[in-house]
Amino acid sequence: MFDEQELADISQQRESWEEDTLEPFLERGERKERFATVSNHEVDRLYTANDIADLDFDEDLGFPGEPPYTRGPYPTMYRGRTWTMRQFAGFGTAEETNERFHYLIDEGQTGLSTAFDMPSLMGIDSDHPMSEGEVGKEGVAVDTLRDMEILFDEIDISDVSTSFTINPSAAVIYAMYIALADQQGIPRDEVKGTLQNDMLKEFIAQKEWVIPPDPSLKIVTDTIEFAVDETPNFHPISISGYHIREAGSTAAQEAAFTLADGFAYVEDCLERGLEVDEFAPLLSFFFNSHNSIFEEVAKFRASRRIYARMMDERYDAEQPESKRLKFHTQTAGQSLTAQQPLNNIVRVTIQALAGVLGGTQSLHTNSFDEALALPSEKAVRVALRTQQIIADESGAADIVDPMGGSFAIEKLTNEMEAEILSYIEEIKEIGNGSIRDGVLAGIDQGYFQREIGEASYEYQQRVEHGEEVVVGVNKFTIEEDTSPDTLTIDETTRERQLDRLERVKDERNDEEVDATLSALSDAIENEENVMPYIVDAVKAYVSMGEIMQVFEEHHGAYQEELSPV
């Protein structure tokens with residue numbers, strides 16, 4: 001981008017600036033001896049053209065909507081339409097969450113995002129002994145198709161895109177949503193939404209599973225294959241770095257491990273016999289956005305560039321949609337503090353702005369009270385208004401890739417790319433050339449947990465020693481009441497949920513239940529795609545727990561064996 005003489009002149013001018021202008025100011029000292037991001041990546045005082053001397057405009061930057069998509073997956077970005085504003089919601093019974101859904105739609109939200117309670121996440125019913133004390137507490141309770149019918153009562157699912165944050169039992173929720181569309185007379189190819197369904201990330205970071213990694217991966221690939229044929233506008237997986245970051249990883253680790261998981265799914269689909277340009281456009285991703293705004297923008301841009309090149313060069317993708325990295329962003333829950341919770345509004349705004357400047361396709365902004373409880377309506381409104389103000393008042397959405405060309409951003413993007421690729425290469429080596437096998441072996445060997453654990457410990461040490469400032473926690477603290485008014489779950493929730501589950505089981509056709517469960521068991525035994533059989537089962541009002549029990553009977557429950565960290 002610059003010729004050698006220009007770079008030499010800039011280098012000479014910098015030396016003069018440092019000697020004549022900078023040195024007198026340095027006598028007064030700087031705020032810190034070392035400046036670094038939240039990930040402890042050191043940043044320089046100043047960046048110039050010399051820092052990006054090797055940057056090739058066509059190969060590394062290009063234009064938005066064209067490979068390598070560094071500057072954005074689409075040419076008009078938010079000038080065409082803003083990102084989808086998708087607030088995570090779910091608590092109590094289906095009736096209560098349906099009411100919250102309607103509230104969010106009325107407030108201007110453009111997509112729904114469903115949070116499930118722990119029993120639903122773990123594939124057990126509300127009447128299971130392990131569910132006691134957890135029903136409806138951290139998300140909505142969904143046991144059968146009847147709950148899904150109530151959850152979307154008076155919501156036309158052909159008009160709204162819905163995200164489902166669920167993993168071990170994701171295939172069951174997906175089947176319920178398809179069954180609901182069939183009930184409403186909506187063609188399956190018009191169903192829009194996203195299923196998280198990222199089991200590799202569960203074994204790496206979030207730790208929610210039912211059966212071992214290999215059969216879990218098989219079910220994920222079943223859902224992708226089914227989506228290609230049945231729901232081509234529904235994303236059957238959201239490959240998630242969010243939970244990896246929440247577990248304590250650095251920004252580069254988050255991106256590297258997430259992309260590696262994505263490539264592992266690609267390789268499994270290819271081994272299944274699927275064509276890359278059939279399924280790759282349905283893959284979506286999910287990233288965290290933390291406090292170091294420039295690091296986050298660089299992470300998003302570098303991830304797009306790596307993905308485009310890998311999908312082209314390693315997997316021979318030809319269609320543009322197969323090479324575009326499309327992702328959802330959520331602000332960093334780990335960064336929220338119980339102390340001085342209103343400070344979280346500022347944190348979330350910075351993180352949301354990073355997501356927008358980095359080119360996200362959809363965004364969830366955390367509520368300021370989430371370090372204390374499930375968000376209140378007031379806090380949810382502030383979180384949504386934060387996105388709306390960024391979209392309509394800040395001007396951040398008016399320029400495509402507004403950070404592009406910044407010496408600092410381009411340098412940080414290059415550094416981020418190099419670090420991410422180094423991790424991916426290491427994972428590939430673990431798998432003897434296969435990224436899928438490297439991810440599975442890395443899970444088995446505790447590789448990911450060790451890497452994340454070390455990063456998390458190092459960060460916490462910096463906080464404890466005051467090197468990393470957390471306003472209101474280790475600096476600028478005050479005496480305060482940290483028990484403000486928060487959302488509480490009605491103590492009758494479990495009782496009401498159990499009553500409905502009992503009624504459903506009393507009213508359904510037991511012969512049909514037995515037949516669909518037997519057919520599912522045979523499909524698992526014969527290594528068929530299980531999705532058609534799960535759809536049949538949920539239509540017979542077979543419960544979540546009953547379906548997942550069949551998988552557990554075939555594959556056994558998974559017990560993690562931890563390697564020393």
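The values are calculated or read from the model by the stated rules, or taken from the named source; none is laboratory data. Everything numeric in this text was worked out from a predicted model, so none of it was measured. Cβ coordinates were reconstructed from backbone atoms using ideal geometry, including for glycine residues, and neighbour counts include every protein chain displayed. Just the protein is used for accessible areas: all its heavy atoms, side chains included, with ligands, DNA and RNA removed. Shrake-Rupley method; radii C 1.70, N 1.55, O 1.52, S 1.80 Å.
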- Query: How many of the residues in the range 23-63 are assigned to a helix (DSSP H, G or I), surrounded by 14 or more Cβ atoms within 10 Å (Cβ to Cβ) and not small (Gly, Ala, Ser)?
  - Reply: 5
- Task: Tell me which residues, restricted to the range 229-269, are over 23 Å from Glu451 (Cα atoms), part of a helix (DSSP H, G or I) and open to solvent by 10 Å² or more (accessible area, probe 1.4 Å).
- Result: Asp229, Glu230, Glu267, Asp268
- Within the range 381-394, work out how many residues are open to solvent by less than 10 Å² (accessible area, probe 1.4 Å) and of a type in the set (S, T, N, Q). 1
- Query: Of the residues that make up the range 358-380, is at least one open to solvent by 50 Å² or more (accessible area, probe 1.4 Å), basic (Lys, Arg) and within 21 Å of Ser161 (Cβ to Cβ)?
  - Reply: no
- Note on the structure: Counting only helices (runs of 4 or more DSSP H) wholly inside the range 94-194, the ones holding at least 3 residues that are out of contact with any Lys or Arg (no Cβ under 6 Å at 6 or more places or on another chain), of a type in the set (A, V, I, L, M) and closer than 13 Å to Phe234 by Cβ are 170-184
- Exactly one of Ile452, Ile435, Ile427 is in contact with a Lys or Arg (Cβ under 7 Å, 6 or more places away or on another chain), surrounded by 20 or more Cβ atoms within 10 Å (Cβ to Cβ) and farther than 16 Å from Thr37 by Cβ, and that one is Ile435
- Note on the structure: When every residue in the range 506-562 that is open to solvent by less than 30 Å² (accessible area, probe 1.4 Å) and among the polar types (S, T, N, Q) is compared, the one farthest from the chain's Cα centre (by Cα) is Thr516
- Message: Show the residue pairs meeting these rules: Cβ distance below 8 Å; 6+ apart or different chains; first residue within the range 382-396 and more than 16 Å from Gly80 (Cα to Cα) and touching a residue at least 12 places away in the same chain (Cβ under 8 Å); second residue in a loop (DSSP other than H, G, I, E, B) and β-branched (Val, Ile, Thr).
- Response: Ala383/Thr365; Leu384/Thr365; Thr386/Thr365; Gln387/Thr365
- Quick one: is Glu42 over 27 Å from Phe327 (Cβ atoms), out of contact with any Gly (no Cβ under 9 Å at 6 or more places or on another chain) and charged (D, E, K, R)? no
- Among the residues of the range 339-357, how many are of a type in the set (A, V, I, L, M, F, W, C) and open to solvent by 10 Å² or more (accessible area, probe 1.4 Å)? 6
